Amino acid sequence: MPEKQQSIHGIWRNRWTFIFAATGSAVGLGNIWKFPYIAGENGGGAFVLVYLACILAIGVPIMIAEILLGRHGQYSPITSMRRIAAQSNHSKAWVLLGWFGALAGFLILSYYSVVAGWALAYIPKLGFGEMSQVTPDVAKKIFEDLLANPLTLVGWHTVFILLTAMVVARGVNKGLEKAVTILMPMLFLLLVILLGYSMMSGNFQDGLDFLFTFDFNKLTWDSVLEAMGHAFFTLSLGMGAIMAYGAYMPKNISIINTSLTIAFFDTLVAIIAGLVIFPIVFANGLEPGEGPGLMFVSLPIAFGHMGFGAFFGVLFFILVTFAAWSSAISLIEPSVAWAVERFNTTRFKATFFVALLAWVLGLGSVLSFNHWENMSILDGRNIFATLDFLTTNIMLPLGGLLIALFVGWVLQEQITRKELSPKIMQIYQLWRWFLRLVAPVAVLIILTVGLLEAFPEQKIAFTRFILDVFPSLKGD
Ligand code: PHE
């Protein structure tokens, strides 16, 4: 059978457009908003080290597997998994991996868009000087007022979903490719400008110390789970985004090299974002462990007191919007590509249908910051926090685990060899070893222990169960 050269959705023009698109997916709110605040909450350095280890030992091997699977499948993750399983006589159940991923992407998009909406809302706030010379109390109040107002939040959430849909509706080449080739270089430029600003006006040394001084006393299993979940989230792994992008990748591009490049850029942006935010925050006598408000409270206070703060503040929130935008298109792409294949409909209709659904679900997250704030869905978490916890800490690692098992143990080795066409055999072997053993074992341990720590009551029941089954473990 002659090999099909091109996916029905289009194909990236060259290696760099793929790298831009995948890096655009990876670099997002995760790097600029989430990474600094979870690093702050988990004490900085030690957390950063665990996170970096997760990127290298778990993230990169799984990213290679995911791209490989996409390029071999050539369709949306759901259709690809169905075809690959059928062709090689594997269980049909593997298609669930595609479904699970599309669902995760959809759930993430619903709340991602709400947070991206905050960033949009801050552009005019800073631009029109609302935050100039603000005191901490006032800055806090401005953020709280924004969150307290569902209509404003819905408005910005709508704008962001529309921006996303606008790109995806135009297709791989006219939409995605075009957007990322403009957004990504601008993003890097803005980041470098802001880094220069932070170096000159911020407390740079303290920022460096905070991110790179390893204090292991601050590390708990909970934070290890957080670090691993975040590694998946920030690399866009475990839900098919990177698989979908892989389906549009020309056959002659090296998957291993591009994966390393993407992981490198993603990590670089997270670290630089930390080095932009923390020195500015420290220079103004503020605290790093602010939680989700770090970027929206501490940072604007800092900008409000610095020379040209309004200008650089606006640049910063434009940067955040761009980063979120190029990620959101990859969150929705797997579902849209699937809908196009399944219903034989236009991309335009498919996009708007999926976007509408995500928009509606997003209303639950909007209300989580005001009317439904105290609603408890999962162990005291409201809708927003539940979606974030479920997707980041459970669904993505689980999806990644299944991908690792499928590519590492189920898929014929012939296929992986053909897709990767390794030049250096040792590197290929190393990858396989990490994919088959290191990544799955690490994910399983961290997931189990992390979840038990996160849910103490269940932990007691689980320990009792284990002791009932293995009474010899009692040890006395
Ligand atoms: N990687 C994106 C970020 O860091 C989020 C994302 C997750 C995008 C999963 C696509 C898929 O913000």
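The values are calculated or read from the model by the stated rules, or taken from the named source; none is laboratory data. Small disclaimer: the values here were computed from a predicted structure and weren't measured. Neighbour counts are summed over all protein chains in view; Cβ atoms, including those assigned to glycine, are modelled from backbone coordinates with ideal geometry. For accessibility, only protein heavy atoms count, side chains too; no ligands or nucleic acids. Shrake-Rupley method; radii C 1.70, N 1.55, O 1.52, S 1.80 Å.
Taking into account only those residues within the range 240-249 that are assigned to a helix (DSSP H, G or I) and of a type outside the set (A, V, I, L, M, F, W, C), which is nearest to the ligand (Cβ to nearest atom)?
Checked the range 240-249; the qualifying residue nearest to the ligand (Cβ to nearest atom) is Tyr245.
Restrict the check to the range 1-17 and report whether at least one residue is free of Cβ contacts under 8 Å to residues at least 40 places away in the same chain, over 21 Å from the mean Cα position of the chain (by Cα) and surrounded by 24 or more Cβ atoms within 10 Å (Cβ to Cβ).
There is no residue in the range 1-17 that is free of Cβ contacts under 8 Å to residues at least 40 places away in the same chain, over 21 Å from the mean Cα position of the chain (by Cα) and surrounded by 24 or more Cβ atoms within 10 Å (Cβ to Cβ).
Checking the condition in contact with a helix residue (DSSP H, G or I) (Cβ under 9 Å, 6 or more places away or on another chain), open to solvent by 20 Å² or more (accessible area, probe 1.4 Å), more than 30 Å from Lys418 (Cα to Cα) and touching a residue at least 12 places away in the same chain (Cβ under 8 Å), which residue from Gly307, Gly313, Gly291 passes?
None of the other options fit; the residue is Gly307.
Only one residue in Asn370, Asn374 is part of a loop (DSSP other than H, G, I, E, B), free of Cβ contacts under 8 Å to residues at least 60 places away in the same chain and not aliphatic (A, V, I, L, M), so which one is that?
Asn374
Only one of Gly380, Gly364, Gly408, Gly399 is farther than 30 Å from Gly73 by Cα and touching a residue at least 40 places away in the same chain (Cβ under 8 Å). Can you tell me which?
Details: Gly380 fails: touching a residue at least 40 places away in the same chain (Cβ under 8 Å); Gly408 fails: farther than 30 Å from Gly73 by Cα; Gly399 fails: farther than 30 Å from Gly73 by Cα.
So the residue among Gly380, Gly364, Gly408, Gly399 that is farther than 30 Å from Gly73 by Cα and touching a residue at least 40 places away in the same chain (Cβ under 8 Å) is Gly364.
Starting from the range 221-249, take each residue that is without any contact (Cβ under 8 Å) to a residue 24 or more places away in the chain and list its partners that are more than 8 Å from the ligand (Cβ to nearest atom), counting only C-beta distances under 9 angstrom and pairs at least six apart or across chains.
Qualifying pairs under 9 Å: none.
I'd like to check something: does the range 358-376 contain any residue that is loosely packed, with under 15 Cβ neighbours inside 10 Å and under 23 Å from Ser330 (Cβ atoms)?
Checked against the condition, which is being loosely packed, with under 15 Cβ neighbours inside 10 Å and under 23 Å from Ser330 (Cβ atoms), the range 358-376 yields at least one hit.
Can you tell me which of Leu96, Leu107 is in a helix (DSSP H, G or I), within 16 Å of the ligand (Cβ to nearest atom) and surrounded by fewer than 24 Cβ atoms within 10 Å (Cβ to Cβ)?
Among Leu96, Leu107, only Leu107 is in a helix (DSSP H, G or I), within 16 Å of the ligand (Cβ to nearest atom) and surrounded by fewer than 24 Cβ atoms within 10 Å (Cβ to Cβ).
Against the condition within 30 Å of Gly30 (Cα to Cα) and part of a helix (DSSP H, G or I), how does Ile460 come out, does it pass?
In short, no.
Here is a list of conditions, (1) over 14 Å from Phe312 (Cα atoms); (2) part of a helix (DSSP H, G or I), and Tyr197 meets all of them except one; can you say which number that is?
Single failed check for Tyr197: (1).
Can you tell me which residue among Trp325, Trp338 is within 12 Å of the ligand (Cβ to nearest atom), in contact with a helix residue (DSSP H, G or I) (Cβ under 9 Å, 6 or more places away or on another chain) and open to solvent by 10 Å² or more (accessible area, probe 1.4 Å)?
Trp325
Look at the range 18-54 and say how many of its residues are open to solvent by 10 Å² or more (accessible area, probe 1.4 Å), within 16 Å of the ligand (Cβ to nearest atom) and aliphatic (A, V, I, L, M).
1
Can you give me the number of residues within the range 343-357 that are part of a helix (DSSP H, G or I) and open to solvent by 70 Å² or more (accessible area, probe 1.4 Å)?
7
Looking only at the range 205-239, filter to residues that are surrounded by fewer than 18 Cβ atoms within 10 Å (Cβ to Cβ) and among the acidic types (Asp, Glu); which one of those is nearest to the ligand (Cβ to nearest atom)?
If we take residues in the range 205-239 being surrounded by fewer than 18 Cβ atoms within 10 Å (Cβ to Cβ) and among the acidic types (Asp, Glu), then Asp222 is nearest to the ligand (Cβ to nearest atom).
Please name all residue pairs, on different chains or six or more residues apart, with Cβ atoms under 6 Å, provided the first residue is in the range 24-52 and is closer than 18 Å to Ile108 by Cα and of a type outside the set (A, V, I, L, M, F, W, C) and the second residue is open to solvent by 10 Å² or more (accessible area, probe 1.4 Å) and outside any helix (DSSP H, G or I).
Here the result reads Ser25/Ser236, each pair linking the range 24-52 to a residue that is open to solvent by 10 Å² or more (accessible area, probe 1.4 Å) and outside any helix (DSSP H, G or I).
Which one of Lys140, Lys178 is part of a helix (DSSP H, G or I), open to solvent by 30 Å² or more (accessible area, probe 1.4 Å), out of contact with any His (no Cβ under 7 Å at 6 or more places or on another chain) and farther than 27 Å from Phe348 by Cα?
Numbers: Lys178 fails: farther than 27 Å from Phe348 by Cα.
From the options Lys140, Lys178, the qualifying one is Lys140.
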